[in-house]
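What follows is a set of notes on a single structure, which appears directly below.
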Amino acid sequence: MRITDARVILTCPGRNFVTLKIVTEDGVTGVGDATLNGRELAVAAYLREHVVPVLIGRDAARIEDTWQYLYKGAYWRRGPVTMTAIAAVDTALWDIKGKVAGLPVYQLLGGRSREGVTVYGHAHGETVEGLLAEISRYAGSGYRAVRVQSGVPGLSSVYGVGTPGVTYEPASSPVPAEAVWDTERYLDHLPRVFADVRAEFGPGLKLLHDVHHRLTPIEAARLGRSLEPYALTWLEDPVPAELQEGFRLIRRHTTTPLAVGEVFNSLWDCRQLISEQLVDYIRATVVHAGGITHLRRIFDLAAIHQVRSGSHGATDLSPVCMAAALHVDIAIPNFGLQEYLPHSAETDAVFPHGYHFEGGYLHPSETPGLGVDIDEELAARYPYRPAALPVNRLRDGTLHDW
Ligand code: EZ4
Ligand code: CO
């Protein structure tokens with residue numbers, strides 16, 4: 001079954017998405033998400049200029065061989081642009097294989113290991129009152145887990161905190177916006193917030209928090225320890241993770257579970273974190289970690305070290321990635337949690353999909369393949385708009401991690 005066409009589709013139904021659509025000689029199509037927030041055109045060009053020409057004429061059934069061909073064939077291994085491009089091809093080929101087999105992709109991955117996918121949503125508030133109201137809204141609609149982000153007194157804007165009731169969207173202006181950060185204020189304030197939240201909701205609800213790479217290991221150790229009474233499910237990205245052994249220091253001091261890896265693009269970014277059991281959840285996901293084929297390799301390594309999955313699922317990952325992620329989530333033995341933020345109505349219309357939220361769980365589509373598509377005519381009505389992620393500075397102007 002030869003590949004006869006592969007199209008790279010850019011669209012901005014409220015935010016930018018890049019999608020690869022592969023077409024075979026007998027008319028079967030498959031889709032893959034290729035969105036890299038703030039660097040969309042780099043992946044689009046990588047696919048158009050370097051990948052599509054070598055896909056035409058290849059056998060669409062050879063998923064593993066195509067993965068190896070693109071990974072080893074590039075010579076320049078890894079990196080978010082390359083791995084996102086490979087992910088898009090891999091995801092589209094799994095979609096095609098499912099359609100040809102007449103099975104949802106999770107059946108090809110070994111079938112169901114659970115009844116539904118436990119997801120968490122984002123609650124954010126400038127004030128504790130606003131935050132408690134948002135958490136109640138999630139709990140009331142069946143969510144079992146909520147990520148809690150809070151404003152910090154003295155800081156005008158904080159990561160993950162937007163306008164109440166509006167989906168938080170960090171990439172906006174073509175030139176990065178700039179925020180100001182103060183670690184001391186944050187470390188002082190956050191445990192007070194969690195004390196209020198836990199007191200209000202009791203022990204049942206899973207609570208998470210995302211530090212977004214802003215601390216040093218010893219600061220993260222202090223935060224983890226000060227949050228222990230509130231029994232977080234995870235503390236996310238406490239430090240930037242290039243230095244994998246840096247997590248040993250955090251681990252030595254706190255039993256607060258750690259999650260890391262939304263920016264990882266290969267097994268090599270987390271091999272030590274997993275094999276030394278330095279983290280509890282690995283947040284790699286389909287679109288940025290080389291597709292279903294490579295993500296499963298990461299999760300298999302994680303499984304033997306008692307590390308669970310906790311895939312990234314913010315709104316900059318398209319419904320195509322979400323559909324693929326759910327097939328992986330429902331099948332693997334070591335699933336932990338899935339991040340899930342509903343997309344806008346415009347985005348849902350461009351990407352018709354069969355996954356759905358019911359009974360507090362997300363459920364993958366039962367239709368053959370991934371159960372998601374792109375409406376190309378509708379997509380064409382929303383042209384790409386440049387939007388960059390912000391940067392973050394300390395009070396004295398020093399550029400800090402974002
Ligand atoms: O900032 O997806 O846990 N979720 C996150 C996200 C990321 C964005 C970056 O594109 O940290 O909101
Ligand atoms: Co995060």
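Results, tabulated for the structure shown:
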| quantity | calculated |
| --- | --- |
| Odd one out for Ser141, checked against (1) within 16 Å of ligand 1 (Cβ to nearest atom); (2) modelled with pLDDT under 95 | (1) |
| Residue match in the range 243-252 (condition: without any contact (Cβ under 8 Å) to a residue 24 or more places away in the chain and assigned by TED's automatic domain parsing to the domain that holds Arg147) | yes |
| Residue selected from the range 305-352 under the condition of a type in the set (Asp, Glu) and within 18 Å of Val287 (Cβ to Cβ), by the criterion farthest from ligand 2 (Cβ to nearest atom) | Asp348 |
| Near pairs, Cβ below 9 angstrom, 6+ apart or cross-chain, from the range 217-235 (farther than 14 Å from Glu184 by Cβ and open to solvent by 20 Å² or more (accessible area, probe 1.4 Å)) to any residue that is part of a loop (DSSP other than H, G, I, E, B) and of a type in the set (A, V, I, L, M, F, W, C) | Pro217/Val239; Pro217/Leu243 |
| So Tyr159, is it buried (at least 17 other Cβ atoms within 10 Å of the Cβ) and among the aromatic types (Phe, Trp, Tyr) | yes |
| Scope the range 297-323; condition more than 15 Å from ligand 1 (Cβ to nearest atom) and either outside any helix (DSSP H, G or I) or surrounded by fewer than 20 Cβ atoms within 10 Å (Cβ to Cβ) (or both); matching residues | Arg297, Asp300, Leu301, Ala303, Ile304, His305, Gln306, Val307, Arg308 |
| Those residues of the range 1-34 which are more than 23 Å from the chain's Cα centre (by Cα) and charged (D, E, K, R), in sequence order | Arg2, Asp5, Arg7, Glu25, Asp26 |
| Those residues of the range 117-159 which are in a loop (DSSP other than H, G, I, E, B), over 29 Å from Glu184 (Cβ atoms) and in contact with a Gly (Cβ under 8 Å, 6 or more places away or on another chain), in sequence order | Gly142, Tyr143, Arg144 |
| Selection count, the range 330-357, where residues are charged (D, E, K, R) and either within 16 Å of ligand 1 (Cβ to nearest atom) or assigned to a loop (DSSP other than H, G, I, E, B) (or both) | 1 |
| Hits in the range 265-288 (condition: under 10 Å from the mean Cα position of the chain (by Cα) and either more than 16 Å from ligand 2 (Cβ to nearest atom) or closer than 21 Å to Leu20 by Cβ (or both)) | Ala284, Thr285, Val286, Val287, His288 |
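The values are calculated or read from the model by the stated rules, or taken from the named source; none is laboratory data. All values derive from a computational prediction rather than experimental measurement. Quick reminder, even Gly has a Cβ in these numbers, built from the backbone with ideal geometry, and neighbours come from all protein chains shown. Surface accessibility is based on the protein's heavy atoms, side chains included, excluding ligands, DNA and RNA. Shrake-Rupley method; radii C 1.70, N 1.55, O 1.52, S 1.80 Å.
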